[in-house]
Every structure is written in C-alpha cells, then in structure tokens.
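The block underneath contains the structure these notes are about, expressed in structure tokens.
Bear in mind that the values in this text are calculations on the coordinates, not laboratory data. Not measured: the values here are computed from a predicted model. Cβ sites come from the backbone with ideal geometry, for glycine too, and all protein chains shown count toward neighbours.
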Amino acid sequence: MPHLRRVAAALVLAGAAVTTACAVNPATGSRELSLVSEGQEIQMGRESDPQIVAQMGLYPDSAVQRYVRDIGLRMAARSERPDLPWTFRVLDDPTVNAFALPGGFIYITRGILTHLTNEAELAGVLGHEIGHVTARHSANQMSRAQLAQIGLVAGMVFSETVRDYAGVASQSLGLLFLKFGRDDESQADELGIRYMTRLGYDPRELAGVMRMLSRTSELASGGGRVPEWLSTHPDPANRSESILAQVAAGDYASATTVERDGFLRRIDDMPFGPDPREGFVDGGAFHHPGLAFRLDTQGWQVSNQKTAVQFISSDGGAAVILTIGDGSPESALQEFGGQDGVSVGSGTRVDVNGSPGVRAPFEAQTQDGTLAGEVVFVDYGGNTYRLLGLSSSQGWPSVASTARAIQQSFRRETDPDVLSAMPDRLEVVSVGRSLSFDAFRSRYPSSVDPVIVALINQIDETATVERGLWKRVVGSN
C-alpha cells in the first residue's frame, strides 16, 4: 500500500533528523520517546480507515452505528485528546474483536457486541481502546520498534496487481493490529475506567468483559479460534482482578450505570457468527449463496474476505484470488495487462461451465522477484469475476494444474439448501420467572452449543437464569 510506504519513509526521515525526540504523554503526563507527530497519527488513521472498511465491512444497521458512536464520542470528548477526529465504527465481522488506529479511529465488531451483556461493558471496551489512542501506545511502539516492521509490511505488498497474494492484504493489517505489552494493556484498562466512569458507567463491568474473553479463549483452545481481541491484546491471568482492585481503591461510588435491558434490545436480531450468505466452505467446495456460485477448493485453504476470496496452497507459496471487476472479460484483461510491471500473454476465449470468459498467462515484476501465473475473467450473473492464479516464476509450473482446476471449477450454485442459507441470529427473550439454566435452554432452545449460550449471557451452566432479558441464538430454519 503506497500510503504505508509514505508513512514509513516519513518516519525514517524523522528518525534520521533527531536521535531523541521526547514528548509529554497527554494521558499520563510522563515524558517519553516519540518520533510520530499527532499529525502523522491522524494521517495514518485516515488513510487506513478505508482499507479496514473495505476488507471487514460496516455493520449495516445505522441505529447500532449511531448508538456506539454516541457513547464513544461522549467519552472521547472528556478524554485528554478531545480534538482528535474521533471515529467509531461497528464492523460486520463475527470475530470477538475491538481495536484502535492512531489518530482516534476505533472499531468494534458485531461479534464482540453479541458477547456483551450491557452498555457499561460496551463503554468499557470503547474506553479501553480510547485509552490506547490517548496514551499514544501505537505511536510510541512505532517510535521504539516498529519502523522496520512498517517497511517490511510495505514491501510485502508487491503491487496493486498482486496485493492480495497469499494473504498479503491480511498481513498488511498486522500494522494496524499492533500487539501491546502488559504495561500498555494495564494502562489502557486504567484509562478505560477513567473514561467510562466520567459518564457514570459502573467500572466493575469491564472486569466482566475480561472474564468473558478468558472463557472464550478457553473454549477456543479446544480447537476453535482465539478471539482477536486476545490475540492482539495480551491478557494476564489476573487482568480482571487488577481491574476490580483498581475500582476498590478508587472513588467510583457515583458510577453505577449498567443499562442491561436497553443494550440487549439494541442487539436483538443481530447476526451471530459467520454469515453464510457471504460464502462458506463445505464438502471440498466454496459456496457463495449471495452471488450464487461455487468453486472446488482442491484442498487449498480458503480465506474469505469482503473484497476477495483466496485459495492458498498448503505451503503458502501459491494462490488463486477471486475478485469482482468491471467491464467485459476482454476489457478487464486489457486493463489488467496495462498495469506497470505486468506482462500478459495472448488471451484465449474459454467456456467456464457455461459462462463465457477469457484466459491469459502473465508475469508481474515486483520488488521481491517475478511472479507468474494465469488469469481468467468470467462473465457471470451480471458481474465479471477475476480468478488470478499466481506463484513465483519458479514455483508456478508445479502448481499450475491445481490452480487451473480451481479456476475452471467456477460454476453456478444450484443446491437449494445452499442458496437459502441464512445466518444464525441473536434473539433476546423475556424470562418471566427464575429458571435453571437447563430449564431456560429447554424453554428457549438455541441453535448453538449450551456452552456458547452460557458464554454470551456471561453465566455458567449451573447458574440460575433470573427474571429479565436474556439471549439465545436461533437458526434460520
């Protein structure tokens, strides 16, 4: 991505110009090394925000977006950096995640929203991320140790032609999901408590978030996926206890707002887990019900993103990348070949399971060597699909037949069960009297494992479900 290279170059020049640059941390008042100005922080956030939105997608419910934005902006306005261009977005992503970019760009996923139980927990998560920004953790980390990493990440994005090669788009986001150390995490927890309590939210609820994340991690260790918020935010074993100790030592008697019912009503009917309408793998095939196509995976790993589907070889050395382009297959091929560093061979008209298309070999010169492969453009369903198969010039001959098999397997999806697939959804139910957990599950059955039902309600399976609002997950059928 060009903007990362520009930022990296600017930072390197800044580092060459001064051997030590100290600044006062606005959130802590301490002096610390800083080679990144506030203007550069804002620039990085503004330039990276469109990439985040394109790759992860915005949750389409404008009411939920406004709800989260309002809470975030009210806390940010009472932080030490109120004049940053604070931006709060809910991403349409099922992972349990929240993260911040320099300059005041805060993101929270629908996945973590479905695991929270009240507004105070939401405020705690947002306050924690605001704390990373106000304390300049990302900027300071870059100043100390990330300049080389920025250059490496920029170098991995070979060109606009092959920027998605073998997960490069995801890897480039590593810059944005910087891993923070324990000191930074503890400080962000402290700042999160500071900001949420300024609006009257009960700070003890942030400890509940940490317990939920720890339980989610325990479940993931059995074969699932560790929550992104834990993979990017190291979670000491005593994290929850530390938060409660801080609360006990402080004067937060007036901070009592929890707001459970209002929060739960706002997330009622939210999709839970991955949305199969956007594609899923089953039976050795990738199915996309929303666009009514399928491809064989040929045993390659599938990375399904908002803007691309990647089929990646087991050694990571080759990929077939599916995207949607503009124009006819012929004009798309011409545009593809017109890019700098790309040399395209003679195009051949092909029939891809009843859809017209064009195929051509190509080579791409990159700063890391020559890539080779074949590209197929297919006219299907009113769209032109680009299937880009590529590897290193040396590696392409050994993977070409498998890549071509994936490309040629593109075809119409006809399975009615696939075409009608819909996501599970969160449903908030009103319990009129106390029930055992088993009785609650029996009366309000869910489409997910009981352990998950307990997790998203932040209770254990031996707890009593008291009168009030609770969550379950219902399937589409």
Let me make sure I get this right: for segment 278-419, a, b and c are the square roots of the gyration tensor eigenvalues over alpha carbons, sorted descending. Under 1.5 in a/c it's rounded, otherwise prolate if a/b > b/c, else oblate. Which is it?
oblate
Sorted by packing (mean other beta-carbon atoms within 10 Å per residue), highest first, where do 60-73, 192-205 land?
192-205, 60-73
Between Arg412 and Val448, what FRET efficiency follows from the Cβ-Cβ distance if R0 is 25 Å, with the result rounded to 0.05?
0.20
Three-way shape label, segment 424-474, alpha-carbon gyration tensor, a/c 1.5:
oblate
